[in-house]
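The values are calculated or read from the model by the stated rules, or taken from the named source; none is laboratory data. Not measured: the values here are computed from a predicted model. We place every Cβ from the backbone using ideal geometry, glycine too, and count neighbours over all the protein chains shown. Keep in mind that these areas ignore ligands, DNA and RNA; they rest on the heavy atoms of the full protein, side chains included. Shrake-Rupley method; radii C 1.70, N 1.55, O 1.52, S 1.80 Å.
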Amino acid sequence: MTIKIPNVRLNNGYEMPIVGFGTYSGKPEEFTRMISDAINAGYRHIDGAMFYRNEVDVGNAVRQKIDEKVVKREDLFLVSKLWPTFMSPHLVEPTLRQTLKDLQTDYLDLYLIHWPTAFEENMGLEPKGEDGTILFKTVDFVDTWKAMEACVRQGLVRSIGISNFNSQQISRLMSHCSIKPVTNQIEVHAYLNQKKLIEFCHQHDIIVTAYGPLGRPGFQKDDAEPVLILDPKVKELSAKYGRTPAQIALRYLTMQNLPVIPKSSTKSRIEENLASLEFDLSQEDMVILDGLDCGYRNNKWEWALKHPEYPFNLPF
């Protein structure tokens, strides 16, 4: 039996399932099974990106479920992201069209600017100089956004948004856009609860989507970096509610009306993540989880530390 997933309403009237399936990392040969397991469990929101280098695999997996009549295309909410090497306005539409071809669909439900930091183009996805550092390109993300808006008008994508933008960048974009971003996809979890940026986005009617909602276990670079799902207080709540630590971490976010996009390659965990919607945390326990915030950011975007649009220099 599949779990019914609530939707969040976007500022353009479309709706997005509050729990999605993340497709970052993983073995190509696993994707068909992973996405099949996710769709069978009830996931309809599939989050991806060109940079993940697996959109052909994702497209094949989704097409298989459509062909099997498990879902129709209109049942799904497909998301992709424009990588920094394609931010020049003339590259936006062709890049989106390549994603559509790879995903075997005529339109996306949501297309995001992956980062506000443009990279040099025509040198692969990771353009590096002789010293090994990423090569930057001067492209105004406002100009990129206008090209995204043109894609909406052509019917190639229904909703557009941003990812990893700070409040100052959002303010600037809002003062120049004709189509408002529907979401800002950022790293959010109990160790980085992003209260100020979330409040700022909500004031502008922008939904915040949480990536890395489990604190990205397994991506820690050394033993000194904290692991959210191993936190004693999370474990305590796990025992109290009879739920996994991951379910506690996810429900903390969805109870704030924040869409989450956890990723797993294990069928049981794929199902468990979705089952996080089956219980509620008390307000007292939400406060306890709020108190875990320590500003820990797993994805520090080291590649672009010296980029003029590096987003994490501001408090929010």
Query - The lone exception for Ala304 - which of (1) touching a residue at least 60 places away in the same chain (Cβ under 8 Å); (2) open to solvent by less than 40 Å² (accessible area, probe 1.4 Å); (3) in contact with a Leu (Cβ under 9 Å, 6 or more places away or on another chain) it fails - result: (3)
Report summary line: Those residues of the stretch 291-301 that are open to solvent by less than 60 Å² (accessible area, probe 1.4 Å) and within 18 Å of Gln169 (Cα to Cα) come to a total of 1
Requested in this report: Give the residue, chosen from Glu149, Glu130, Glu126, that is charged (D, E, K, R), open to solvent by less than 10 Å² (accessible area, probe 1.4 Å) and out of contact with any helix residue (DSSP H, G or I) (no Cβ under 7 Å at 6 or more places or on another chain).
Outcome: Glu149
Requested in this report: Inspect the stretch 65-81 for any residue being surrounded by fewer than 19 Cβ atoms within 10 Å (Cβ to Cβ), at pLDDT 95 or above, acidic (Asp, Glu) and closer than 28 Å to Leu214 by Cα and give the result as yes or no.
Outcome: yes
Query raised in the report: Which residue pairs have Cβ atoms closer than 7 Å, lie 6 or more positions apart in sequence or on different chains, and pair a first residue in the stretch 265-279 that is modelled with pLDDT of 95 or more with a second residue that is aromatic (Phe, Trp, Tyr)?
Result: Leu274/Tyr43; Phe279/Tyr241
Report summary line: Scanning the stretch 218-260 for residues that are buried (at least 17 other Cβ atoms within 10 Å of the Cβ) and among the charged types (D, E, K, R), the one nearest to Gln194 (Cα to Cα) turns out to be Arg251
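With among the β-branched types (Val, Ile, Thr), over 18 Å from the mean Cα position of the chain (by Cα) and at pLDDT 95 or above as the only criterion, which of Val208, Val152 stands out?
Details: Val208 fails: over 18 Å from the mean Cα position of the chain (by Cα).
On inspection, the qualifying residue turns out to be Val152.
How many of the residues making up the stretch 269-290 are more than 22 Å from Phe77 (Cα to Cα) and open to solvent by less than 60 Å² (accessible area, probe 1.4 Å)?
Pass one, the stretch 269-290, residues more than 22 Å from Phe77 (Cα to Cα): 279-290.
This time we only want the ones that are open to solvent by less than 60 Å² (accessible area, probe 1.4 Å), so: 279, 281-282, 285-286, 289-290.
Matching residues across the stretch 269-290 total 7.
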Requested in this report: Among residues belonging to the stretch 133-143 that are outside any loop (DSSP other than H, G, I, E, B) and touching a residue at least 40 places away in the same chain (Cβ under 8 Å), point out the one that is surrounded by the most Cβ atoms within 10 Å (Cβ to Cβ).
Outcome: Phe141
